[in-house]
Amino acid sequence: MQNDFIDSHRDRIAFTYFSFDRVIIKGYIKNMFNLGAVVYLLRSLGFYSISKGVLRILTDQLNSHIEKFADKKGIPLHWWPKADGGKNGDKLRFVEKRYKSKYSGTGNHVYCILTDNENVNTVSSREIKPEGMKPFHRLYRVKKRVKQYYIYVHDEVLGGPCYLKISSYVPFQCEFYFNGHNYTKLNLDKQGVDYRMKGNAFTKAEDPSKLNELARSLTGRQVLDRIEYWKGLFFKFDKGKYSTVSKYLKHDWYNSQVEVCSNIIFKSAPYSRSLFNRLLDKYSSIGSPEYLCKIFEMRKTLRTKSRSTKRVYGSLTVVKHWIRGNAIKMYNKLGYFLRIETTINNPKSLGHKKLNKPVIYLQAYLWAGLEANNRYQDICADVDVSSIYEEDGQNYTQIITDEKGRNVSAPDLRKGRQLALIEELVKLHYSSHYFRTKELFRNLGTDFRNSAEIRYEMRKLLVRGIIEKRQGFNYYRVTKIGWKWLWISILSERKFVSPLISKLYENTKNQNLNQPSELERAYEMLNSSLSIINKEFRLAA
């Protein structure tokens with residue numbers, strides 16, 4: 001993973017890796033979407049009627065096989081609306097919470113089966129009774145609620161949990177899900193490589209290059225073989241003493257949604273948070289069709305539209321952009337872990353002519369996603385590294401706890417005596433030599449009644465590292481970072497905030513336009529620049 005963004009921050013990065021994330025593959029019996037092919041299938045299976053009762057026979061046989069197989073193997077079977085509240089989208093979380101911790105290994109294993117009713121496109125039959133003629137049945141397409149089986153498994157190749165979803169009614173659509181991080185984790189365990197994971201992310205690896213090697217090693221042929229293995233166990237029809245499946249009921253598998261993530265693990269969490277906050281400022285412009293067409297190598301047309309959101313999931317701010325069914329998002333996972341992730345739903349809209357739907361082309365999706373991630377990062381590469389604050393800026397603005405567990409409030413520049421203390425300490429004498437509070441009291445006697453009040457305000461600076469105490473003595477000195485903070489605090493209040501606000505309200509007729517000072521010229525440039533920034537953000541929005 002190489003781009004200008006990585007090069008700019010290389011000294012601050014612990015390691016990088018890329019991986020598949022969520023991958024959803026859908027299986028279709030292609031001929032079953034043609035009503036004539038459904039009639040032909042029923043004839044081939046020995047049914048000469050196309051009534052609802054006949055269609056129901058296939059469903060009952062499939063249900064019977066899955067339930068018998070689950071009972072024989074001791075597989076838990078749950079009706080989802082009654083399981084753990086049955087909330088939509090929580091199935092995987094439910095399985096991980098209840099069953100994943102009870103099994104760890106490298107073989108094949110079924111965690112459980114969840115059943116649910118969902119609206120799907122299917123076929124139904126209607127009896128037609130023409131006047132003076134014999135009644136007959138006719139098939140028609142319909143969308144209705146059909147029983148679905150979510151079979152959660154641990155796979156010997158892909159890890160787990162994965163799931164195979166089977167629709168119990170004609171045309172028997174199927175779906176398979178796996179996560180590329182689980183595949184990598186399983187193979188690291190097999191190779192004996194030490195690593196550490198937190199959530200769905202690798203935060204440490206004995207050999208980070210192994211993570212990329214494993215992502216490259218996963219092929220569509222491997223995935224297809226594993227899908228066929230699990231489908232061969234569950235997609236059968238009970239005939240009483242045995243179960244079988246017709247050769248006409250063969251699924252073709254296609255990539256439906258593929259997520260490819262590029263991950264950057266920083267050495268410093270404060271640096272990562274500060275950098276991410278700077279990158280958030282860019283989200284509105286990157287979300288424009290012009291940038292997204294460049295990222296996805298799309299041809300821009302008059303109809304090109306995009307959509308961007310900035311949401312908070314838990315404690316994470318996630319910036320996500322959509323264009324023509326595909327998306328790219330960025331978020332600061334774990335506080336020190338920057339993830340850029342491309343989601344490919346519509347490969348035909350990308351600039352990759354060879355990016356086809358069949359699952360055997362899965363590896364091509366990896367490279368297409370990585371290229372999009374790299375172009376996204378290149379756009380973000382112009383952040384000035386020297387302007388990123390590496391320490392935790394909240395220490396200076398919020399209450400913190402000292403070594404004895406006591407809360408210490410933040411310096412408040414709205415208080416006259418706090419501002420007076422800071423203006424005194426910014427003098428070079430206090431950063432080059434140690435001083436005592438009585439020396440400060442001599443210079444600040446009009447603002448403070450005694451040395452105790454000075455020590456109270458100094459304590460706010462001391463616990464934040466703005467000043468330091470000489471060990472074993474009551475002598476203090478302003479630290480290097482503290483001196484910079486003092487100057488920034490004073491300048492931001494007196495040299496920037498107040499003059500610029502005044503500039504917004506001043507009467508232009510009273511300006512001395514003939515001989516402006518350099519400082520006045522700078523204020524004019526800042527005011528003009530702020531107006532341009534405001535205009536650009538409004539255009540982007």
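The numbers here are math on the coordinates, done by the rules we state, and not lab data. As the structure is a computational prediction, the values presented were derived from the model and not from experiment. All Cβ positions, even for glycine, are placed from backbone atoms using ideal geometry, and neighbour counts span all protein chains on display.
Cα to Cα, under 15 Å, and not fewer than 8 places away if on the same chain: which aspartates and glutamates meet these conditions relative to Lys72? Qualifying aspartates and glutamates at Cα under 15 Å: Asp238. Annotation for the range 185-223 versus the range 1-71: alpha-carbon center distance of 25 Å.
As a proxy for reagent exposure, ranking Ile151, Ile467, Ile481 by other Cβ atoms within 10 Å from fewest up yields Ile481, Ile467, Ile151. When peptides 318-328, 445-455 are ranked by their average number of other Cβ atoms within 10 Å per residue, the highest-first order is 318-328, 445-455. Please determine, in degrees from 0 to 90 and to the nearest 10, the orientation of helix 362-379 with respect to the longest principal axis defined by the Cα atoms of the chain, where the helix direction is its Cα long axis. Computed tilt is about 20 degrees. Relative to the longest principal axis of the Cα atoms of the chain, the long axis of helix 220-234 lies at roughly 50 degrees.
For the range 395-489, a Kirkwood radius taken over Cα pairs fed into Stokes-Einstein (4 °C, viscosity 1.567 mPa s) yields D = 96 µm²/s. Rounded to the nearest 10 degrees, the inclination of helix 480-490 to the longest alpha-carbon principal axis of the chain is 80 degrees.
Listed by chain and number, the aspartates and glutamates whose C-alpha is less than 13 Å from the C-alpha of Lys210, apart from same-chain residues fewer than 8 away, are Asp189, Asp194. Label point 7 Å out from Arg470 along Cα-to-Cβ: which residues of the range 409-448 have amide N under 11 Å? From the range 409-448, the list is 433-436. Here the contact order of the chain, divided by its residue count and restricted to Cα pairs under 8 Å and six or more residues apart, works out to 14 percent.
Could you give the length gained by full extension between Tyr40 and Val193, i.e. 0.36 nm per residue of separation minus their alpha carbon distance, to one decimal place? Spell out each step's value before the answer.
Details: separation 153, 0.36 × 153 = 55.08 nm, distance 5.37 nm.
That works out to 49.7 nm of additional length.
Could you name the aspartates and glutamates whose alpha carbon sits less than 14 Å from that of Lys460, not counting residues in the same chain fewer than 8 places away? Answer for Lys460, where 14 Å is the Cα cut-off: Asp402, Glu403, Asp412, Glu468, listed by chain and number.
For the range 221-297, applying the loop criterion from DSSP together with a ceiling of 11 other beta carbons within 10 Å to the trypsin sites (Lys or Arg not before Pro) yields Lys239, Lys241, Lys247. Take the Cα of Asp4, step 7 Å toward its Cβ, do the same at Glu213, and the gap between the two points is 3.3 nm.
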